[in-house]
1. Anything in the range B:463-479 that is facing chain A (nearest Cβ under 7 Å) and assigned to a loop (DSSP other than H, G, I, E, B)? List them, or say none.
2. Identify the single condition in (1) assigned to a loop (DSSP other than H, G, I, E, B); (2) open to solvent by 50 Å² or more (accessible area, probe 1.4 Å); (3) within 30 Å of B:Tyr440 (Cβ to Cβ) that B:Phe181 does not satisfy, given that it satisfies every other one.
3. Which residues, counting only those in the range A:136-155, are over 38 Å from the mean Cα position of the chain (by Cα), acidic (Asp, Glu) and at the interface with another protein chain (Cβ under 7 Å from one of its Cβ atoms)?
4. Filter the range B:564-587 down to residues that are assigned to a helix (DSSP H, G or I) and facing another protein chain (nearest Cβ under 10 Å) and give me whichever is surrounded by the most Cβ atoms within 10 Å (Cβ to Cβ).
5. Which residue pairs have Cβ atoms closer than 9 Å, lie 6 or more positions apart in sequence or on different chains, and pair a first residue in the range B:143-158 that is at positive phi with a second residue that is surrounded by fewer than 17 Cβ atoms within 10 Å (Cβ to Cβ)?
6. Output the residues belonging to the range A:319-345 that are of a type in the set (Gly, Ala, Ser), more than 14 Å from every other protein chain (Cβ to nearest Cβ) and surrounded by fewer than 22 Cβ atoms within 10 Å (Cβ to Cβ).
7. Could you say which residue among B:Pro590, B:Pro670 is surrounded by 19 or more Cβ atoms within 10 Å (Cβ to Cβ), in the same structural domain as B:Leu528 (by TED's automatic domain parsing) and part of a loop (DSSP other than H, G, I, E, B)?
Amino acid sequence: MAESHPQSLLDALRPRLAAVAELDAGALEAEQIAVLGRKSGALTALLRSLATLPPEERRAVGAAANELRQAFEAAFVARSDALVSDAATATVAQRDLTMPGRRRWVGAEHPVTKVVDEICEIFHGLGFNRAVGPEAETEWMNFGALNFPADHPAMDMHDTFYLDVGGDARPGDGKAVLLRTHTSPVQIRTMMEGPPPYRVVIPGVVYRKDPFDPSHAPVFAQIEGLAVDEGISFVDLKGTLLHFARQFFSTSTKVRFRPSFFPFTEPSAEMDVSCDLCGGSGCSACKGTGWMEILGCGMVHPKVLENCGVDAERYTGFAFGMGPQRIAMQRYGIPDIRLLYEGDMRFLDQMGRAR
Amino acid sequence: MNVSRRWLEAFLRRPLESADVASRLAALGATVDAIEELHPGLGQVVVAVVREVRPHPNADRLRLCDVDDGSGTAWNVVCGAPNVTAGSKYPFAPVGATLPGGLTLEKRKIRGEVSEGMLCSARELGLGQEHDGILELTTEAAPGTPFLEVFDLADERLVVDVTPNRPDLLGHKGVVRELAFSFGTTFRLPAVPGSDGPAMPTPVRAGAEATTGGVRVAIEDPIGCPRFLGAVMRGVRVGASPEWLRARVEAVGMRSINNIVDATNCVMFELNQPMHAYDVARLKGPAVIARRARAGERLTTLDGTDRALAPSMTVIADADGAIGVAGVMGGAHSEVSPETTDLFLECAYFEPQGVRAARRQLGLSSEASYRFERGVDLWNGPEVLRRAVEIIQATAGGTLDGEPVDLFPQVSHPPRIFLRPSRVAQVLGVEVAWDAIERYLVAIGATVVSKPEDGRIAVDVPGWRPDLVAEIDLVEEVARLHGYDDFPTELRPFRVGDLPNAPSEGIDAAIRRGLVAEGLYEVQTLPLGPEDGPESVRLLNPLSAEEGFMRTALLPSLVRQVEGNWAAHTRDVRLFELGTVFLRGEAGMPPREERRVAGVLTGAREPAHWSSAGKSPDVDHWDLRALFEAAAALAYPASMVQVEGGEWVACAPGGRIVGRARALEADAPPWAAAVVGFEILVDAIPRSTPAFVALPVNPAVTRDLSLLVPAGATAADLGEAIRSAGGRLLEAVVVLDEYRGSGVPAGHRGLAFRLRYRAPDRTLRDKEVDASVTKVLKVLRERHGIELRAS
């Protein structure tokens, strides 16, 4: 072997350079060892033997041999990359991408919570902050301070649960303890805290002695709002609630206000919104009327302001209240209010996906 | 309140569409809940002539009739009525017609003879109880004419939802007053058929006592009965009501009784004033006295029930005893009967709260109590009495005996209210013109006494509007009649309030977000349930015994919801609730309310996936511990999760236990997995803001220590020992593995810890770490007797 001339060895290796691009993985490895292997690679050996050549020849052959080594190295890397990439393509081709992915459990807020938050957020944008209060109250806070005349048929609209808390208070004497029938006592608490202006929304749980049926529950959510300041009028009430309706339903929602009666507001009104589903032409959701009752509202009764120590000549205000359960039922098409209390995972999962 | 469309028409003297009436009333504040068609089954009934009557060959009591309904066919009709006569006209329901009772007529054989339709009695047409024979018609109408065209009975009943502040709408006249404004027309009381007009002299005003027609009338309880009018009519003939009167009372859903009772009911539904008629022959004295019931007094009311009366109740009495509970119900004994010839008519004002109390005490509601409770017109008695006398004279004859009396011991007048147009503008946000204000007030029956000098108007409100007592009430009337929709709808500039968001709301939201991120669904359960602890607060008036208490914990109802899911064959359940519990407070004071959050887990830890052959392990205690720690960090950030009595508790600083986590008992089907859950108090203190800590820039070095741990030594103790011995370069210690089995002596276990070292300012050298590990091992060996596990 020693007698083979380095130049002829180079000539013999050159054609094998072109063949690298065709080698499979095993042959590639063997060829890498055969050509550039540290111990027995042909080109390695040749480069090592350069030292034995006369200087002029060493320069010429050395340059050529180094050039060839770089070419081989590049070819091996290129071929190796190509093989890896081919293998990946082959694996992907084998994979059934229609197989299901690996999921994890997801949770969701209750649909009524979502509705409550959405409503509160809209009013937050109008400067209303959230206020809350206790669920058990005295009769005075729930009725008296809110201008319910003592022992009047207006009380029949609120079937009330009373609590046995000992002591000598009796239903009807103002001191008896009850489960609040509306979130309105928090209006009173808010106004007792300091002087106007007040701008609050009051989400909370309220109680009425109504047995469960598809549209009634003995415990349900309510959102109340209160705005009191100098110069607040019925026009502001209408403007604020129209803005809310357009934000909550759609920009084309229409509203109408009908006179109504609540002891703690005067004038009092019911607000209807044009039906979300049929746009006002009449469907089963709105019982063919094109309108859906959505909230009760009115100008805060001067007596209520006075009961809280607010100057009713100087300050005026409006209040409103609505039922998030009913709004959720309308929005999601829930036929029976009991579904909102049953904790059925299938229902909660459906609602979790809803907008 | 049931309203008859035809009755309204009689007031307004114009045809009305019920749907239009409903929308007009709604715009004025009275919602119509339903419009019910009266006599819905009469549309197919026609006038027919019986041409010939023959005996039925197979039945003595039946007849065969040839019926001409104008169609050209002579129908063969089998008729059982004794009064069927050839040549007479009767209402005829042809085959295919459906009668008010729901019967649809078919062609069928009756005792062998074909019958093609039916000649109808009044009762079969829903026009009364008369069933002695078929209804003979006196009409010129040709056969085939629709029955409703000849007898103009078509009517609708509007069920009006009257708010408690508007007693005036409990009479047709009040509803008519609203509609008259809406239409811009006038109205008057409908004429009484057969009457020449009202003929009653003005009642004689008296104090607490007077006599009329030989009957002594007295008010002994002027608080319960501030005003009492009475009249005596003699020589009346009690009998069936004429058609028009019967139609009126039936249209509003009352049963027609006789011409006297129907007349008083008619007046009640017309003028919102309940009345009562007594048989003078049955009045002892004869006297009619409004007084308090006496101790031990009893009364058999019109419904036949014997009732004990309380001295708080106002009664009507004769010389012997109570004959009626004032404003609630009359007594059976003095009731008008077919033999009655002499009447005493009562038209009184009973104080609303007294009527309400008596009604509730007796558990006895009536049309009368409903009206008195809401307040009738204290000043309208004379008009009402005049109207009743006119109707009775027209339908039952009789004459007044003497002049009616009007006992009014403390004469009063409807209030006068001052209204400032500036206040109208302040509350309603726009100026309403003075002439418009006046027009609205006149429309509701108020008298505008003065012009707006001094910036205010004196207004005398009508007696039928007891809700109008203050200026703001008139402002509402102005707004209502102006039309709510006619006010501008503007978002005008406003000042924001000073109060910030309630902190608890932000805390609630963060807890919800956190637990949703843990894969739990939020639920809302009833805070009412069975007694669940010594601090339970009882409801005085629960809906049922199972819901007789306020909850003191959330978990029991969450377990019930898990059971509900099992019942629906759902095995994997993950729920949480954020709610209030109620704990008994001081006597007479509201209960203490605590905000709590609770969660339950059962079933697979993750959704099953094919890569694990469709298997997923069920959740266990370690899932619960992690969830509990997450929940505690959200709900009570200052708390620490510790072990106590074989379960985890969350301890607040100071040692108070604020939460627990454990396995839960449940009524589980065999295929269900174990249920674990937690409940923790929500700390109302606002959450502190997390502060940024510079992120490490130098690499960490980790060392794993595999220790042989005897029984009694806990991971927490060892972790603490390692941390304190490790020095300031030891950044973290985590439990890596627990091993029991071969190579580990009995009573021991293998525990592996991973120690992570880092210096904040440089790259650590192995030598430094080795020194720390050596010290840790020394402390473990010397103080805890724990060695490295031989590998």
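The values are calculated or read from the model by the stated rules, or taken from the named source; none is laboratory data. All values derive from a computational prediction rather than experimental measurement. When we count neighbours, we look across all protein chains shown, and the Cβ atoms used for this are built from the backbone with ideal geometry, even at glycine. Only protein heavy atoms, including side chains, enter the accessible area calculation; ligands, DNA and RNA are left aside. Shrake-Rupley method; radii C 1.70, N 1.55, O 1.52, S 1.80 Å.
1. None - no residue of the range B:463-479 is facing chain A (nearest Cβ under 7 Å) and assigned to a loop (DSSP other than H, G, I, E, B), so the list stays empty.
2. (1)
3. Initially, the range A:136-155 is screened for residues over 38 Å from the mean Cα position of the chain (by Cα), giving A:139-140, A:144-145, A:147-155.
With acidic (Asp, Glu) added as a condition, the list becomes A:139, A:151.
Listed by number, the list holds a single entry, A:Asp151.
4. From the range B:564-587, those assigned to a helix (DSSP H, G or I) are B:564-567; that's our starting set.
Then drop every residue that is not facing another protein chain (nearest Cβ under 10 Å), which leaves B:564-565, B:567.
Values: B:Gly564: 15, B:Asn565: 24, B:Ala567: 11.
By that ranking, first place goes to B:Asn565.
5. Cβ pairs passing all conditions: B:Gly144/B:Gly70; B:Gly144/B:Ser71.
6. Here is the first cut: in the range A:319-345, the residues of a type in the set (Gly, Ala, Ser) are A:319, A:321, A:323, A:328, A:333, A:343.
Pick out the ones that are also more than 14 Å from every other protein chain (Cβ to nearest Cβ) and you get A:321, A:333.
Of everything in the range A:319-345, just one residue is of a type in the set (Gly, Ala, Ser), more than 14 Å from every other protein chain (Cβ to nearest Cβ) and surrounded by fewer than 22 Cβ atoms within 10 Å (Cβ to Cβ), namely A:Gly333.
7. Values: B:Pro670 fails: surrounded by 19 or more Cβ atoms within 10 Å (Cβ to Cβ).
Of the residues listed, the single one that is surrounded by 19 or more Cβ atoms within 10 Å (Cβ to Cβ), in the same structural domain as B:Leu528 (by TED's automatic domain parsing) and part of a loop (DSSP other than H, G, I, E, B) is B:Pro590.
Listed here are the residues, each with its yes/no results for (1) more than 21 Å from A:Ala176 (Cβ to Cβ); (2) out of contact with any Phe, Trp or Tyr (no Cβ under 9 Å at 6 or more places or on another chain).
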position	(1), (2)
B:Val537	no, no
B:Ser544	yes, yes
B:Gly548	no, yes
B:Val600	yes, no
